[in-house]
1. Where Rh denotes the Kirkwood radius from the mean inverse Cα pair distance, what is Rg over Rh for the stretch 19-97?
2. Roll a 1.4 Å probe over the protein heavy atoms and report the accessible area of S165 in Å², nearest 10.
3. What list of ³J(HN,Hα) couplings, whole Hz, do you get for the stretch 97-103 from phi and the Karplus terms 6.51, -1.76, 1.60, once you set θ to phi - 60° and write x for glycine and proline?
4. With no solvent and one equal point scatterer placed on each C-alpha of the stretch 40-162, evaluate the Debye formula and give log10 I(q)/I(0) for q = 0.14 Å⁻¹, two decimals.
5. In nm, to one decimal, how far is the modelled label at L162 from the one at K31, with both set 7 Å along Cα→Cβ?
6. Would you mind checking the pairs K38/K94; K38/K76; K94/K160; K38/K149 and listing those with alpha carbons more than 25 angstrom apart?
7. Taking all protein chains as present, what is the carbon and sulfur share of the accessible area of the stretch 80-161, in % to the nearest whole number, probe 1.4 Å?
8. Considering amide H positions built from the backbone, and no H for Pro or chain starts, which residues 5 or more places from K82, or on another chain, come under 5 Å of its amide H?
Amino acid sequence: MSDTENKNVAAAEAQEEVVESPDVHFEPIMKLEDVEVKTHEEDEEAIFKMRAKLFRFDTEAKEWKERGTGDVKLLKHNDTGKIRLLMRRDKTLKVCANHYITEEMVLSPNVGSDRSWVWNVAADLVDDVSERQLLAIRFGNSENANKFKEAFEDARESNKKLASSEPKAEEEKKEDESKDVDESKEESKDESKDEEKKD
C-alpha cells in the first residue's frame, strides 16, 4: 500500500471512532419571553363549531373560488349577546369569514348539493377590509349541513330580537339624558334666581 492509501485508511478509521454524544446541550444566545396572543374571541362563547370548506363567488371571473378549509364557528358575545360567524383556515389560522349574522341573510341550498349552503353578506370583514360577498359553505355530509342551517337560523332570529330591542333601549337612554339636561337647566335657573335675590 502506498502512503496516500495508508493515510486515507487511517483517516477513515479515526472518523469511525468519533461517536456523537446523545446528550449535547447548547445554551440559547437570547431568551425569548412568552407573548400573549389575542384572537379577539376571548369575550365570546362558541355556540356552534364544525369543520367545513368556504367559497366566495368572484364576480369578475364568474366562478367560485375557494377561500379556505377549517372550523366554522358561531360566536355569541358575552356582553351584547350578538352572534357572529367566524371561520379560520387550518394551520395558518388566517380569517376567511368574519361577519355578524343579520336578518337579511338567508341560507339557500347550493345547486346540485344537499351538503352546502349559499348566502349574501353585506359586510364580510376579512384582512381588515369590509366587502360585500356571496359565500358558499360545504360540509362533509348533509346531516352536518342541516345542523349548521339550524344554528344559523337560530342566530339570525336571536340577532333580530336584539336589533329590535336596541332602538327601544337607545330611546330610553336619550329620554333619560334629556331629563337630566332639563333638570340641570332648571337647577341652574333656580341658582341664578337665588343669586339675584341675594343681590
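The values are calculated or read from the model by the stated rules, or taken from the named source; none is laboratory data. Just so we're clear, the structure is a prediction, and the values are computed from it rather than from any experiment. No Cβ is skipped: glycine too gets one built from the backbone with ideal geometry, and neighbour counts run over all protein chains shown. Each accessible area value is taken on the protein alone, full model and side chains, heavy atoms only, with ligands, DNA and RNA left out. Shrake-Rupley method; radii C 1.70, N 1.55, O 1.52, S 1.80 Å.
1. Rg/Rh: 1.26.
2. Approximately 60 Å² of S165 is accessible to the 1.4 Å probe.
3. Values, residue by residue: 7, 7, 7, 6, 8, 10, 5 Hz.
4. Summing over Cα pairs of the stretch 40-162 leads to -0.56.
5. 4.4 nm
6. Table pairs above 25 Å Cα-Cα are K94/K160; K38/K149.
7. About 48 percent, which is the carbon plus sulfur part of the accessible surface.
8. Long-range HN contacts for K82: H77.
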